[in-house]
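The values are calculated or read from the model by the stated rules, or taken from the named source; none is laboratory data. Since the model is a prediction, treat every value here as computed from it, not as a measurement. Backbone-built Cβ (ideal geometry, glycine too); neighbour counts: all protein chains shown.
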Amino acid sequence: MLGTIILIAVGVLFAAILLLWLFGERWRLLRPSTWKMIRVAGLRRPLRGLHGYIYGRWTNQYVNILNNHIMPRLRPKQRQWLADHYHGKVLTKEQAEAIITTNQEIPLQDLEQVIPYPLARDLVLKGPPEVAVYECACRHARANPCQPTQVCMVIGQPFVDFTLEHNPKSSRRLNQAEALELLEAEHERGHLHSAWFKDTCLNRFYALCNCCKCCCGGIEAMTKYGAPTMAPSGYVSYTDKDLCNGCGTCGDACPFGALSIEGDENVLDWEKCMGCGVCVEKCPNGAMSLVRDEGKGLPLDVRLLMHEQTPVSMGDFTT
């Protein structure tokens with residue numbers, strides 16, 4: 001009896017929220033950015049829109065439940081399903097900076113060679129893109145998170161307005177120089193950059209995150225639970241044996257456990273390497289670099305994507 005009452009109560013609450021989502025603007029109960037999100041997303045999939053609203057409105061609570069309560073209980077097929085709907089693409093520092101500094105519109109769809117997932121593969125940027133920084137939900141989910149915590153960047157509309165309006169105390173707008181400064185600071189801390197896609201966020205790219213191996217739910221999903229939530233950058237780590245002294249700094253820094261020391265030599269686990277470049281930043285001897293590897297997929301490099309849309313030469317963008 002009690003279970004039935006609870007189910008009915010949950011159903012009524014869900015229906016009320018759904019009605020607010022669909023008709024709240026007419027009743028002046030929804031904020032302008034929410035209505036903007038509805039207009040862009042359309043009303044054909046209200047449940048997905050409601051899911052996106054909950055995710056964007058209560059991101060910290062959402063990610064906390066996902067990382068600490070749902071992910072540990074999922075089976076392998078369920079983890080694959082989750083990765084297909086919510087995933088990131090590892091970026092080099094230069095690729096992350098290029099997203100912030102792009103100066104032209106880039107609307108591309110079906111990037112299956114760049115983002116190897118069946119859903120949420122669109123890249124929509126209007127350069128220079130609008131940026132808002134907000135609190136990292138993954139760091140908030142940890143007892144002793146890495147600092148600072150305001151390091152995740154929402155990219156483009158309608159996501160920026162939605163974040164600023166619904167989370168005014170934990171988010172702020174960034175200009176281009178401030179966004180680049182944030183990326184540089186996180187890079188120096190040994191944190192990797194990643195572009196995130198989620199099907200509830202209009203099936204497209206929406207955030208640029210700066211991830212640490214201590215707190216990031218995406219990294220933990222891969223290294224601890226085997227969920228393929230992050231795609232490699234298109235590059236792989238390379239060690240100059242003449243410069244490497246086997247100190248092990250790169251192995252300690254690697255977010256994916258791809259580097260280790262055997263004897264006095266640096267050994268790479270190719271399968272684990274995501275080409276993030278953290279080892280390059282942390283190597284005290286300058287022995288590490290990133291090299292292009294076709295086995296790691298195509299890079300998400302907006303400079304190359306712009307080159308595909310215009311005959312103007314963009315130069316050589318290899319790193």
Query - Residue count, region 225-241 (criterion: more than 26 Å from MET288 (Cα to Cα) and either free of Cβ contacts under 8 Å to residues at least 60 places away in the same chain or in contact with a Leu (Cβ under 9 Å, 6 or more places away or on another chain) (or both)) - result: 2
**Report entry** Only one of PRO128, PRO118 that is free of Cβ contacts under 8 Å to residues at least 40 places away in the same chain and of a type outside the set (A, V, I, L, M, F, W, C)
**Finding:** PRO118
Requested in this report: Please find, within region 205-216, the residue that is nearest to ALA185 (Cα to Cα) out of those that are touching an Asp or Glu at 6+ places or on another chain (Cβ under 9 Å) and surrounded by 21 or more Cβ atoms within 10 Å (Cβ to Cβ).
Outcome: ASN210
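Anything in region 263-297 that is over 21 Å from ALA227 (Cβ atoms) and among the small types (Gly, Ala, Ser)? List them, or say none.
Correct list: GLY263, GLY277, GLY286, ALA287, SER289.
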Query raised in the report: Looking at (1) out of contact with any Ser or Thr (no Cβ under 9 Å at 6 or more places or on another chain); (2) of a type in the set (S, T, N, Q); (3) in contact (Cβ under 8 Å) with a residue 24 or more places away in the chain, which is the only condition GLN109 fails?
Result: (3)
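A quick yes/no check of all residues on (1) free of Cβ contacts under 8 Å to residues at least 24 places away in the same chain; (2) assigned by TED's automatic domain parsing to the domain that holds CYS138; (3) under 25 Å from THR163 (Cβ atoms):
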{"position": "LEU182", "(1), (2), (3)": "no, yes, yes"}
{"position": "GLY190", "(1), (2), (3)": "no, yes, no"}
{"position": "ALA207", "(1), (2), (3)": "no, yes, yes"}
{"position": "CYS247", "(1), (2), (3)": "no, no, no"}
{"position": "ALA253", "(1), (2), (3)": "no, no, no"}
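Given the criterion under 27 Å from ILE100 (Cα atoms), modelled with pLDDT under 95 and assigned to a loop (DSSP other than H, G, I, E, B), identify the matching residue among GLY246, GLY315.
GLY315
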Report summary line: Here the residues within region 262-272 that are surrounded by 16 or more Cβ atoms within 10 Å (Cβ to Cβ) and at pLDDT below 95 are ASN266
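Conditions tested, residue by residue: (1) in contact with a strand residue (DSSP E or B) (Cβ under 7 Å, 6 or more places away or on another chain); (2) among the hydrophobic types (A, V, I, L, M, F, W, C); (3) on the phi > 0 side of the Ramachandran plot.
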site	(1), (2), (3)
HIS166	no, no, no
ARG189	no, no, no
PHE197	yes, yes, no
ARG204	yes, no, no
GLY218	yes, no, no
LYS224	no, no, no
PRO228	no, no, no
SER237	yes, no, no
Requested in this report: Filter region 273-302 down to residues that are surrounded by 15 or more Cβ atoms within 10 Å (Cβ to Cβ) and β-branched (Val, Ile, Thr) and give me whichever is farthest from GLY190 (Cα to Cα).
Outcome: VAL302
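For region 176-195: of the residues being among the aliphatic types (A, V, I, L, M) and in a helix (DSSP H, G or I), which is surrounded by the most Cβ atoms within 10 Å (Cβ to Cβ)?
ALA179
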Query raised in the report: Going through region 146-164 one residue at a time, which ones are buried (at least 16 other Cβ atoms within 10 Å of the Cβ) and either in a loop (DSSP other than H, G, I, E, B) or out of contact with any Cys (no Cβ under 9 Å at 6 or more places or on another chain) (or both)?
Result: CYS146, THR149, VAL154, ILE155, GLY156, GLN157, PRO158, VAL160, ASP161, PHE162, THR163, LEU164
